[in-house]
Every structure is written in C-alpha cells, then in structure tokens.
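For reference, the structure discussed in these notes is given below.
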Amino acid sequence: MAQSACKYNHIFSFSKGLFHVLRKDITLKIDVYAIYLGSEWKKAYDLYHGSKKNNVIMDNQNFGMPRIGEPAPEFTANTTRGKINFPADYAGKWIILFSHPADFTPVCTSEFMTFGSMQAGFEKLNCQLVGLSIDGLASHIAWLREIRNIEWKEFKNIDVEFPLIEDISMNVARKYGMLQPGESETKAVRAVFFIDPAGVVRAMIYYPLSLGRNFDELRRVLIALQTTDNFRVSMPADWRPGDPVIVPAPSTMDALKKRDAGEEGDIACHAWWFCTRKLPKEEVESKLGKQ
Ligand code: BEZ
C-alpha cells in the first residue's frame, strides 16, 4: 500500500488525466505500475495497454473500419435472397447495411420484426436494407421462418424480405469493423452503415450487443442525409422534417456584408455563422426517395 500511495503521489504530479486511468486499472495491474515508477510511467502504461490489445483477436491488418465520405468496402456474399455483389448491385439506391450478433436471440428478433415491418417504408425512400450476422444460411432461413410465427408488440406474421448475409468467414464483418472483440470475439456488434446511391459511406452507428437499435433514429438519419443532398443544408440537433434547417455560413466578406444587411431573405440568425431558414415538411417529403 505504501508503494501504491507513493506511486499515486508521483503520478498525480505528472498528469491528472493519467491518474484517473491508472486508478481504473489499478486492481488488475498494480504490479506493472509498481515496477515502473518515476519517469518510466508512460512505458508502464503502454506495456499494459499493449499487452491487453495483444490478447484479443483484433489487429490492424485484418480489421478494417469504413470511413464516412469514402467508398463502401466491396464484397460478394451469399444471402437469403441469393448471391450479392455489394454495393454494385444497389447502385442508384441508398443502402442500410447492418449487422446483428446472432440468429435466434431475443434482441435481434425484436430488431428484425421492427425492420421487417418498416421495409416497405424504406423502399419508398429508395433504400435497400441488407442484414448480416456470422451465422450460416440454414440458420438464417430457419430463424426468419420462425420469426413469422412470433407475436411481439403490434407485430405478427412479419416476412423479412430483405437479404440477410451469411458471414461465417467473417470476411464482411472484418471489412466493416463489425467485430469489436472487447464486446465479443465471436459475434458482430449492432453496426449500421448508411451508403448513398454512389456507394459512399455517409453515416455509421454502432450499438452494443445488449441494446436494440432505435429505428425512428435510423429513418431520421436516412431522411436527413437525403435532405442535405436535396437542399444543400445542415440539420441542427434533434432535427425532424418541418423543423428549420441551417444555411451555410458566409465564406467571403461580401457575403457576410449581405447577411449583416439582411439581404438573404427569410433567415433567423443566432450568430452570423449560425442561421436557419424554414423548410416545410411537405417540401422535404416531396424530394425524398427521388435520388
Ligand atoms: C440478443 O439479440 O438478444 C443478444 C444477442 C447476443 C448477445 C446478447 C443478446
């Protein structure tokens, strides 16, 4: 104890931020830190966190992570609707590609029933749903058949018509950062990728195994992305169709002068760089799904 008290004092004097990290890990790795006192504290930290990383299956060579604004990683795969060539088969459409941890599990079942009930709505938005888990086709098919017989909330007789990828090899899960070994080494997390009609990743959301997704939010994100493209505007926090949208900030002194002189029409400014305009819900909706 005397040693750790001494160590605490020492670390405290170096960095308050590090102190917090060390406190969190102290029960596990007090020995490592106790050896590396004084100016060696950083080595101790790297040693511990490095060894922790080596214990899991993730390494940078085998695991990718898509990035917003870049082309969606390509793959071919078997699905419950036949073979697909992704994203080429869906060129001209928006895609929501999502992973789930495992077939025949309750949270995933609730999600598939919700997605299944919303698929016609996504089609109207020119959006194709594509699911994935690290299970085989036979399991997928058996699970989807069973889902038809399950009743939950207002849902029953749900036919899941969108393709569900079998990814036993984890080829796709690896490319899309769906495997996050700190959460599970054998199951994909609940990842969601929004891919635009040109095959570019536009948004990503990751959820842990224990939490079912918010499907209103998934729909809201898709609508917001399409509205950004249709009207060249941004959306403030919690935006929903019908709410004011953000107009671009002036990029020249002349444009700023116009803004200051109120020459830009009906906009409301909270700061010269934070102005909104009305965008009626009907106008938003008239362009959805038209890309
Ligand atoms: C589920 O969908 O219920 C679930 C799947 C994997 C881990 C935990 C929960």
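Some notes on this structure:
- Assuming charge only on the beta carbon of Lys and Arg (+1) and of Asp and Glu (-1), the dipole of the stretch 213-291 about its Cα centre is about 180 debye to the nearest 20.
- Scaled to the globular estimate 2.2 N^0.38 Å, the Cα spread of the stretch 166-231, given as radius of gyration, is 1.27.
- Taking Phe98, Phe115, Phe155 and counting other C-beta atoms within 10 Å, the order from fewest to most: Phe155, Phe115, Phe98
- Taken about its Cα centre, the stretch 162-211 carries a charge dipole of about 100 debye when Lys and Arg each add +1 at the Cβ and Asp and Glu each add -1 at the Cβ.
- Residues of the stretch 119-137 with amide N under 17 Å of a point placed 7 Å along Cα→Cβ from Glu161: 119-131
- Theoretical FRET efficiency, 1/(1+(r/R0)^6), r = Cβ-Cβ of Lys290 and Ser139, R0 51 Å, to 0.05: 0.85
- Met170, Met253 arranged by Cβ crowding within 10 Å, fewest neighbours leading: Met253, Met170
- Pairs of Lys residues in the stretch 173-291, spaced 8 or more positions apart or belonging to different chains, with C-alpha separations under 21 angstrom: 4 in total.
- Per-residue Cβ neighbour rank within 10 angstrom, fewest leading, Arg277, Arg259: Arg277, Arg259
- Asp229 paired with Asp216, simple spin-label distance in nm, labels 7 Å along Cα-to-beta-carbon: 2.6 nm
- Relative contact order %, the stretch 185-291, counting alpha carbon pairs below 8 Å whose residues are six or more apart: 21 percent
- At an R0 of 35 angstrom, the distance between the Cβ atoms of Ala120 and Asn171 translates into a FRET efficiency of 0.70.
None of the figures in this text is laboratory data; all of them are computed from the coordinates on show. Just so it is clear, the structure is predicted and the values come from calculations on it, not from any experiment. Here the Cβ is made from the backbone with ideal geometry for all residues, glycine too, and neighbour counts use every protein chain on show.
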